[in-house]
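**Student:** Okay, handing you the structure first.
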There are 2 protein chains.
Amino acid sequence: MKPKITLKDIARELDVSISTVSKALKNSKEISKDTKDRIKAFAKFYNYRPNNIALSLKNKKTKNIGVVIPDIVHHFFTTVFRGIEKYANQMGYNVIVCISDESFDKEVINMEMLANGSIDGFILSLSAETQRRNDFTHLKELLDQGIPIVLFDRVTNEIECDKVILNDAEIAYEAVNHFVNTGCSKIALITTENYFNVSESRRNGYTEALRSNDIEIDQNLILTLPHEIDNTGLMTKFFQENKIDAVLCVNEIFAIQCMSVVQYLGFNVPNDISIIGFTDGILSRYSSPKLSTIAQHGEKMGELAAKLLINRMESVEVIEEPFKTEIIDATLIKRGSSIN
Amino acid sequence: MKPKITLKDIARELDVSISTVSKALKNSKEISKDTKDRIKAFAKFYNYRPNNIALSLKNKKTKNIGVVIPDIVHHFFTTVFRGIEKYANQMGYNVIVCISDESFDKEVINMEMLANGSIDGFILSLSAETQRRNDFTHLKELLDQGIPIVLFDRVTNEIECDKVILNDAEIAYEAVNHFVNTGCSKIALITTENYFNVSESRRNGYTEALRSNDIEIDQNLILTLPHEIDNTGLMTKFFQENKIDAVLCVNEIFAIQCMSVVQYLGFNVPNDISIIGFTDGILSRYSSPKLSTIAQHGEKMGELAAKLLINRMESVEVIEEPFKTEIIDATLIKRGSSIN
DNA sequence: TATTAACACGAAACCGTTTTCGTAACATTT
DNA sequence: AAATGTTACGAAAACGGTTTCGTGTTAATA
């Protein structure tokens, strides 16, 4: 066992001062070539690497980013995370992940934990509970302390910071329009409760599209479900009680469950009922028929979020740049579950 | 904007020494109740929190765990990660994630980066390339430096450290046995190349089971495919050229693709062909028929890995405990894709 | 009253870096 | 020969904590 070597060790061994070693390794011209060579050779031999913690303390920069997401066993969040990690890594940053598990308290505790020096900035998607409570004091305090935050996907207007979001309303509009253009008129929406900004936007896009196509909005055709648990029963009832020829689902699970229910009830997808779901995940690609989906480009979103954050952290803080909200254009991927 | 307050600030403001403040906040009885109260009140008011970095430097403990996994958009790894994060969090640790992307170089670089003080220990699943090259010098060096490592799932015998693995051979044996018991005899295996320890174990379990049931091992019934890309063509050919009544697939993607191919060829699942796949992920639960799978209990695996690591890190290093290899018992979940 | 103990606090070292500043030794210029 | 400049290095402060040890003041004991 050979523990890590420090500047002090090198200095002692080579009978020079710590400062000399430090300078020599940074190729300072204050140090003679001879001494530099000796020190570098020694350092190389013993595989010297500066201690990150000491550097962090000195520089007041950790080169760590805190990522707080509601869930990790979740296609969209993992793709975003991959984008973040990729870009951060390229830029020399490491990523500390905390899972809020949709809980307000966990979100708060984790962020406060990390904020005490462990990270230089946050990338965050709000937990369900936080959105429901509409309480963002923890974020405000962190921003107040000068810690930059980038929100993605599940964002809020209450907080002024950089954000990356999807054009949810527009793409929902586009999807519904696609239904209309392929002959559908009894268009349903399966969604979650409205405290999610994304659900709200998607619902707005849905109603807007109906309106602009002069289709009356029937509240019975909007099914609001609890978050991503098995809702087969409710869905079955929904399709038995209503005449429906197209469904937009705000997530992949809903879409796949919906397809399964509809097929079980004897309908043909897409001829009797068209389905489009949000999130172009693995489920959509391996179902039959394959699900038409809305690709959210999570990886791109993650990269962008990381870029925004790192830019802000590394910008010379003289001119405070105004906060940006970047919008990612979702893509409607037409596959077998809709008429094309 | 109010930046973080430090001990020094409190000391200056209250006209005491830094040591006094530190002691007061730790409730040392060296300090009089009066002074303690004053200091605590002040600290509370200004929301003082000790700086993690300073603590890390002092204590030579970061309370960070490095997790290095080949991929994150992957059901099994995310479940393991969730287990790690959950346990680590409970124990006051944070988790830094690096994605090796199945690349040897990334694995090495990331680990060396983190090893310079950023973390106290690693939890790692080997990248494909690392397993192929069979080069573990980076791990050996880290262990040599006294940094504990826990390997999970994709492990190697070349390295002495704590490990958590699945009883892959046994559960493959059990699955094949299940096929035999339900009347199958032309049992195929769809697997990946053998440099993965897990593929090897699963293949061994498969052949063992056949042998013990006096079924001849037909190499034509073992299909070796590249890693998780679309192999529909090869699979179709495989099923056209061979008489097969059951298939064991070493991952979920293979299983779902396999089912799709088989159904496309006009076979009924499970009556003509039974299918069992590894990984009880989201695909298996939403296919039709639902896939019979082998649940790997990723979350449990992650928790256990974290527990092993933290135990080792926190154990008084007097008696070096011997390295353990914990084995997680997989569960065969019988669903619609096999005869039960 | 002199000695000792208890109390309450501060000084300083330490963790591992970086960086500013000071300076001894030598070289160059007037 | 005196003044100045250069070279090559070391001392020390700083980052923000913890902890050991020393010490002045008061209280208790002999």
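**Student:** Go through the range A:54-113 and report how many residues are over 14 Å from the mean Cα position of the chain (by Cα) and small (Gly, Ala, Ser).
**Tutor:** Residues that pass the stated criteria total 4.
**Student:** Now, a different point. Mind counting the residues in the range A:4-24 that are more than 14 Å from chain B (Cβ to nearest Cβ), in a helix (DSSP H, G or I) and near DNA strand C (Cβ under 10 Å from one of its atoms)?
**Tutor:** So the answer is 9.
**Student:** Please find, within the range A:122-132, the residue that is nearest to the other protein chains (Cβ to nearest Cβ) out of those that are surrounded by fewer than 22 Cβ atoms within 10 Å (Cβ to Cβ) and in contact (Cβ under 8 Å) with a residue 60 or more places away in the chain.
**Tutor:** Among them, the one singled out is A:Ala128.
**Student:** Taking the residues in the range B:298-328 that are part of a loop (DSSP other than H, G, I, E, B) and either modelled with pLDDT under 95 or not assigned by TED's automatic domain parsing to the domain that holds B:Gly121 (or both) as candidates, determine which candidate is nearest to B:Ile65 (Cα to Cα).
**Tutor:** B:Ser315
**Student:** Which of the residues belonging to the range B:232-268 are in contact (Cβ under 8 Å) with a residue 24 or more places away in the chain and assigned to a loop (DSSP other than H, G, I, E, B)? Talk me through it step by step, then tell me what you get.
**Tutor:** Of the residues in the range B:232-268, the ones in contact (Cβ under 8 Å) with a residue 24 or more places away in the chain are B:232, B:235-236, B:238-240, B:242-261, B:264-265, B:267.
The answer is B:Asn242, B:Lys243, B:Ile244, B:Asp245, B:Val250, B:Asn251, B:Leu265, B:Phe267.
**Student:** Going through the range B:274-291 one residue at a time, which ones are crowded, with 24+ Cβ neighbours inside 10 Å, in contact with an Asp or Glu (Cβ under 9 Å, 6 or more places away or on another chain) and either farther than 23 Å from B:Lys237 by Cβ or hydrophobic (A, V, I, L, M, F, W, C) (or both)?
**Tutor:** B:Phe278, B:Thr279, B:Asp280, B:Gly281, B:Leu283, B:Ser284, B:Leu291
**Student:** Further, regarding this structure: Conditions first: (1) modelled with pLDDT of 95 or more; (2) within 11 Å of DNA strand C (Cβ to nearest atom). B:Lys29 passes all but one, so which condition is the exception?
**Tutor:** (1)
**Student:** Picking from A:Glu107, A:Glu112, A:Glu85, A:Glu102, which residue would you name as being surrounded by fewer than 21 Cβ atoms within 10 Å (Cβ to Cβ) and either outside the structural domain of A:Thr156 (by TED's automatic domain parsing) or in a helix (DSSP H, G or I) (or both)? Before you say what the answer is, go through the steps one by one.
**Tutor:** Numbers: A:Glu107 fails: surrounded by fewer than 21 Cβ atoms within 10 Å (Cβ to Cβ); A:Glu85 fails: surrounded by fewer than 21 Cβ atoms within 10 Å (Cβ to Cβ); A:Glu102 fails: either outside the structural domain of A:Thr156 (by TED's automatic domain parsing) or in a helix (DSSP H, G or I) (or both).
The conditions single out A:Glu112.
**Student:** Looking at the range B:160-219 only, could you name the residues that are aliphatic (A, V, I, L, M), within 18 Å of B:Phe278 (Cβ to Cβ) and not in a helix (DSSP H, G or I)?
**Tutor:** B:Val164, B:Ile165, B:Leu166, B:Ile187, B:Ala188, B:Leu189, B:Ile190 - these are the residues of the range B:160-219 that are aliphatic (A, V, I, L, M), within 18 Å of B:Phe278 (Cβ to Cβ) and not in a helix (DSSP H, G or I).
**Student:** Regarding B:Cys249, is this residue under 13 Å from B:Val176 (Cβ atoms), surrounded by 21 or more Cβ atoms within 10 Å (Cβ to Cβ) and within 14 Å of chain A (Cβ to nearest Cβ)?
**Tutor:** Yes; evaluated as a whole, the condition is true for this residue.
**Student:** Is it true that some residue in the range B:32-51 is within 15 Å of DNA strand C (Cβ to nearest atom) and within 9 Å of chain A (Cβ to nearest Cβ)? Break it down stepwise before answering.
**Tutor:** Initial filter on the range B:32-51 (within 15 Å of DNA strand C (Cβ to nearest atom)): B:32-43, B:50-51.
Next, only the ones that are within 9 Å of chain A (Cβ to nearest Cβ) stay: B:50-51.
There is at least one residue in the range B:32-51 that is within 15 Å of DNA strand C (Cβ to nearest atom) and within 9 Å of chain A (Cβ to nearest Cβ).
**Student:** Any idea how many residues of the range A:53-74 are at the interface with chain B (Cβ under 7 Å from one of its Cβ atoms) and within 16 Å of DNA strand C (Cβ to nearest atom)?
**Tutor:** Within the range A:53-74, residues that are at the interface with chain B (Cβ under 7 Å from one of its Cβ atoms) and within 16 Å of DNA strand C (Cβ to nearest atom) number 5.
**Student:** Also, quick follow-up: Can you confirm whether A:Lys40 is more than 8 Å from DNA strand D (Cβ to nearest atom) and either in contact (Cβ under 8 Å) with a residue 12 or more places away in the chain or in a loop (DSSP other than H, G, I, E, B) (or both)?
**Tutor:** The answer is yes for A:Lys40.
**Student:** Checking A:Gly277 against (1) within 14 Å of chain B (Cβ to nearest Cβ); (2) in a helix (DSSP H, G or I); (3) touching a strand residue (DSSP E or B) at 6+ places or on another chain (Cβ under 9 Å); (4) of a type outside the set (Asp, Glu), which single condition isn't satisfied?
**Tutor:** Just one mismatch for A:Gly277, condition (2).
The values are calculated or read from the model by the stated rules, or taken from the named source; none is laboratory data. Remember, predicted model here, so these are calculated numbers, not experimental data. Ideal geometry is used to build each Cβ from the backbone, glycine not excepted, and the neighbour counts take in all protein chains shown.
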